[in-house]
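One structure is given below, encoded as structure tokens.
Where a number appears in this text, it was derived from the coordinates with a stated rule and is not lab data. Here the structure is a predicted model, which is why all the values come from computation and not from measurement. As a convention, Cβ positions derive from the backbone with ideal geometry for all residues, glycine included, and neighbour counts pool all protein chains shown.
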Amino acid sequence: MTILPTLPKRLHGASVWMLYALGFIPAVFAFYLGATGQLPGNAIKEFEHLLGLWALRFLVATLAITPIRDLFGVNWLRYRRALGLLAFYYVLMHFLAYMVLDQMLRFPAIIADIARRPFITIGMTAFVLIIPLALTSNNWSIRRLGQRWNKLHKLVYVIAAAGALHFAMAVKVVGPEQMLYITLVAMLLLWRVVRTRFLRWKRSRTGFTRSIAATEKAAA
Ligand code: HEM
């Protein structure tokens, strides 16, 4: 049962492009604030922080599409690719902000950071893993890879878990914001574990309701 009004089919394509356009607003706005000296505190760190946070938000949104469909019957599958790609673009911008603005392309320092600071090692792992997903997020790759595409894209769970962990480890004290993302990612991953059982239960329940309706109709 769908609880929301459905968008007319002819607007599906436009709504995906709208999502891309809206999705880049936080980056453009953060850049504008940074360039005009309106970011509080250390502007570079703040810019980096905002891009990382939006990367995590888009990862969570990507993972939420399936449970939303399973639980509420709202099918937003058409937005999943855009959300995943937005997550990738934000991770890429976060990484570039770190390399160019924070480290000023001092490669020995960057390599030492990646090797010695566990939270950066974990962030880097997530970044490396998200690249093949972004490169294969197109219809041609889905056709070419077949079942292997599904297997490859399961990496998104590892990436989201690594992203949330990286966020928690980047701060001295784990606060409510970090706990929120860790909990959200944990719940979304847990959903994948219980999903098959839930769908089986839902199907049996629907079948049961239908058979009662059919019996009542026959008796009337
Ligand atoms: C999926 C990949 C990633 C996600 C979701 C992510 C997310 C985040 C988030 C949310 C923060 C904010 C922490 C805070 O300042 O409160 C952060 C901080 C940071 N990230 Fe990432 N990140 C990712 C990958 C990377 C990569 C590849 C690098 C660099 C190699 C990196 C370097 C950093 C650094 C240096 C900080 C600390 C900035 C500071 O000192 O305030 N991250 N990240």
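The table below lists the values:
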item	result
Positive dipole terminus of the chain, leading residue within T183, Q103, W76 (C-beta point charges)	W76
In degrees, nearest ten, helix 80-96 long axis to first principal axis of the chain (Cα)	10
Cα gyration tensor shape of region 141-220, rounded if a/c is under 1.5, else prolate or oblate by comparing a/b with b/c	oblate
Peptides ranked, highest mean first, by Cβ atoms within 10 Å: ranges 165-173, 38-46	165-173, 38-46
Computed label-point distance, nm, for sites W191 and W140 using a 7 Å Cα→Cβ extension	3.2
Computed [θ] at 222 nm, helices only, for the chain once each DSSP H run of length n ≥ 4 contributes -39500 (n - 2.57)	-26500 deg cm²/dmol
Those lysines that a straight Cα-Cα span of less than 21 Å connects to K45, excepting residues fewer than 8 apart in one chain	K172
Cα centroid separation, region 59-98 to region 141-220 (Å)	13
Per-peptide average of other Cβ atoms within 10 Å, ordering 137-144, 18-25 highest first	18-25, 137-144
